[in-house]
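> Would you mind keeping the following structure in view while I ask a few things?
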Amino acid sequence: LHAERIIPEQNLDTNKARSGRVIVVGDVHGCIAELRLLLRKVEYTPGEDFLVLVGDLVNKGPASVEVVREAQSLNALAVRGNHDEA
């Protein structure tokens, strides 16, 4: 299995993307500060925009657990990358 949701499918409201933007971010690598900075820069609006994280959320950076928690709290969709297998 190479693609999975980090939140239960029944909690995922994909209709939200219709009112806002689909924002795609890849290779976060456990860097929570940089992810938050990027989301502020693009003026990400939870509940309006739809966040998709495409691979390598964890492993290299200092805050892998925090990245996963943030993704869950933002109701993000995630695709597992090769570094997420470790």
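> Can you tell me how much longer the chain between V22 and R69 gets when fully stretched, taken as 0.36 nm per residue apart minus their C-alpha distance, in nm with one decimal?
14.9 nm
> Quick one: with all protein chains in place, what share of the accessible area of the range 24-86 is carbon or sulfur, to the nearest percent (1.4 Å probe)?
Whole-percent figure for carbon plus sulfur exposure: 53.
> Taking a probe of 1.4 angstrom, what is the accessible area of L57 in Å², to the nearest 10?
About 10 Å², rounded to the nearest 10.
> Could you order D49, D27 so the one with the most accessible surface comes first? Probe is 1.4 Å.
Largest accessible area first, the list is D27, D49.
> Taking the full set of protein chains and a 1.4 angstrom probe, give the accessible area of S73 in square angstrom, rounded to the nearest 10.
Here the residue's solvent-accessible area equals roughly 90 Å².
> Going by the alpha-carbon gyration tensor, a ≥ b ≥ c the square roots of its eigenvalues, is the range 16-80 rounded (a/c under 1.5) or, if a/c is not under 1.5, prolate (a/b greater than b/c) versus oblate?
Verdict is prolate for the range 16-80.
The values are calculated or read from the model by the stated rules, or taken from the named source; none is laboratory data. Since we're looking at a predicted model, the values are computed, not measured. Surface areas here come from the heavy atoms of the whole protein model, side chains and all, with no ligands, DNA or RNA. Shrake-Rupley method; radii C 1.70, N 1.55, O 1.52, S 1.80 Å.
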